[in-house]
Amino acid sequence: RAKVMYGSGSQPRYHFIIFGASGFTGRFVLEEVARCAGEAREELRWAAAGRSRARLETALTQAAEALGKPELKTEVDIIVADVDDPESLAEMCKQAVIVLNCVGPYRFYGEPVVKACVENGAHCIDISGEPQFLESMQLNYDSQAAEKGVYVVGSCGFDSIPADMGVLYTRDQFKGTLTAVESFLTASMGPEGGCIHDGTWQSAVYGLADSDKLRSLRKKFSHKPLPVVGTRIKRRCALFYSDEIQQYAVPFMGADPSVVKRTQRFLSEEHQESPVQYGAYAGVGGVSSVMKLLFAGLMFFLLVKFSFGRKLLIKFPEFFSFGFFSKEGPTRKQMEGSSFRFAFYGEGYTEGQDPSQGKPNAKIRTLVQGPEAGYVATPIAMVQAAITILNEPDSLPEKGGVYTPGAAFAKTTLIDRLNKHGIQFSVL
């Protein structure tokens with residue numbers, strides 16, 4: 001079994017290094033590590049890394065003020081490392097048990113970090129919601145990571161821990177064989193409103209522009225189709241009124257379906273568990289929201305196919321998204337008023353029923369809910385994933401490799417940890 005406390009060679013200097021700690025999301029991850037430092041099995045040694053020492057010092061000063069922990073300014077080490085400088089990345093990774101990589105869009109900046117981690121014996125987790133990046137890392141680094149005993153776990157933020165662990169939670173709470181789950185995501189904002197930082201917008205622009213490449217990448221895995229147990233899940237329309245959440249809904253455009261499917265494949269092929277089919281949807285609200293979405297969606301799909309259109313989308317995120325994405329990102333007040341809610345609707349066969357005979361005869365409803373998705377829930381999920389790797393090495397998969405959260409954490413106490421930190425899993 002890969003032992004987590006030591007990569008290759010002697011014990012690294014730091015348990016965690018947050019790479020990109022001065023970026024928009026990285027600053028919130030830095031704060032969350034400072035909050036949770038007491039939860040590691042031994043005194044947590046950690047450092048902040050990135051391109052600019054001055055920006056990292058500013059980030060630590062801001063975190064010290066926000067948390068009332070002046071000691072952060074003097075006690076947290078700074079490491080200067082740049083994705084364009086492989087030696088600096090290697091030097092960083094040699095000093096870490098786990099690198100928390102916050103530098104996106106990952107399609108441009110993610111691979112050098114994964115490569116450096118695998119070659120230098122550091123585990124690596126990221127908060128990518130980009131299927132093309134996540135799946136190409138699995139294709140290119142899984143066997144090397146396994147040889148080195150390194151765990152690379154992608155999509156450890158709001159993409160896709162609530163969905164991936166939510167499906168596993170639903171399966172574990174169901175008494176029998178769960179065969180299919182649909183999830184419905186709704187987000188609510190307080191009186192201050194809310195928005196998402198444009199780094200996520202950029203990932204979406206480049207991701208949709210490259211969707212053909214994702215299809216050809218998937219062919220390289222030469223996967224057999226997963227067996228369908230129970231009734232085949234129905235694909236819903238591109239826009240429909242959902243009785244489940246009492247509003248209009250659309251298929252969820254993020255990484256969740258890709259991540260959940262990879263988890264189910266791993267559990268089916270490696271542990272002979274019955275795979276769960278999955279459909280993901282997001283609520284868009286009432287008729288006026290639908291009109292906005294249709295207009296914004298049409299503009300997006302027309303422009304994203306051309307390089308000049310992509311430049312326009314990248315330059316004016318607020319205009320093209322009706323203010324939903326912005327270059328400044330949300331204020332702390334906006335974050336405090338926002339929350340998310342995932343409702344899971346599952347079906348399957350009760351114990352004693354043969355899943356190969358007849359239709360599913362039982363249903364289950366579960367809920368995963370939590371604070372603002374992008375910059376409160378994402379750091380919580382990422383930091384708890386890192387603490388789980390650190391504290392529970394014996395509950396991780398037998399060998400290193402490139403994993404989804406569900407594959408890596410199915411046998412750990414990650415869900416209990418998340419429950420204690422405000423991302424709540426419950427049965428309705």
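The values are calculated or read from the model by the stated rules, or taken from the named source; none is laboratory data. Everything numeric in this text was worked out from a predicted model, so none of it was measured. Note that each Cβ is placed from the backbone with ideal geometry, even for glycine, and that neighbours are counted across all protein chains shown. With ligands, DNA and RNA removed, areas are computed over all heavy atoms of the protein, side chains included. Shrake-Rupley method; radii C 1.70, N 1.55, O 1.52, S 1.80 Å.
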Residue span MET253 to ARG35: 0.36 nm per residue of separation minus Cα-Cα distance leaves a gain in nm of 75.3 nm
Computed over the Cα atoms of the chain, what is the ratio Rg over Rh, Rh following Kirkwood? 0.95
Roughly how many whole Å is it from the C-alpha centroid of the stretch 66-101 to that of the stretch 349-428? 28
For ASP416, the accessible surface traced by a 1.4 Å probe with all protein chains present amounts, in square angstrom to the nearest 10, to 80
Inter-label distance, nm, simple model (7 Å from Cα along the C-beta direction), ASN361/GLU75: 5.9
Within the chain, the cysteines whose Cβ lies no closer than 4.7 Å to any other cysteine Cβ are CYS36, CYS93, CYS102, CYS156, CYS195, CYS237
On each of the three principal axes the extent of the alpha-carbon atoms of the stretch 39-174, given in whole Å and largest first, is 46, 38, 29
Can you give the helix-only mean residue ellipticity at 222 nm for the chain, where every DSSP H stretch with n ≥ 4 adds -39500 (n - 2.57) and the sum goes over all residues, rounded to the nearest 500 deg cm²/dmol? -13000 deg cm²/dmol
Antiparallel %, DSSP beta bridges [both residues in the chain], to 5: 50
Kirkwood Rh, Cα atoms: Rg over Rh of the stretch 140-263: 0.98
Could you size up the charge dipole of the stretch 167-212 around its Cα centre, putting +1 on the beta carbon of Lys and Arg and -1 on that of Asp and Glu, and report it in debye to the nearest 20? 340
Rounded to the nearest 10 Å², the accessible area of ILE196 using a 1.4 Å probe with every protein chain kept is 50
Charge dipole (debye, nearest 20) of the chain; +1 at Cβ of Lys and Arg, -1 at Cβ of Asp and Glu: 1080
Which pairs, out of LYS220/LYS411; LYS219/LYS292; LYS94/LYS399; LYS115/LYS399, put more than 25 Å between their alpha-carbon atoms? LYS220/LYS411; LYS219/LYS292
How big is the dipole moment of the stretch 30-83 about its Cα centre under a simple scheme where the beta carbon of each Lys and Arg is +1, that of each Asp and Glu is -1, and everything else is neutral? Debye, nearest 20, please. 160
With a Förster radius of 30 Å, plug the Cβ-Cβ distance of LEU312 and ARG53 into 1/(1 + (r/R0)^6) and report the FRET value to the nearest 0.05. 0.30
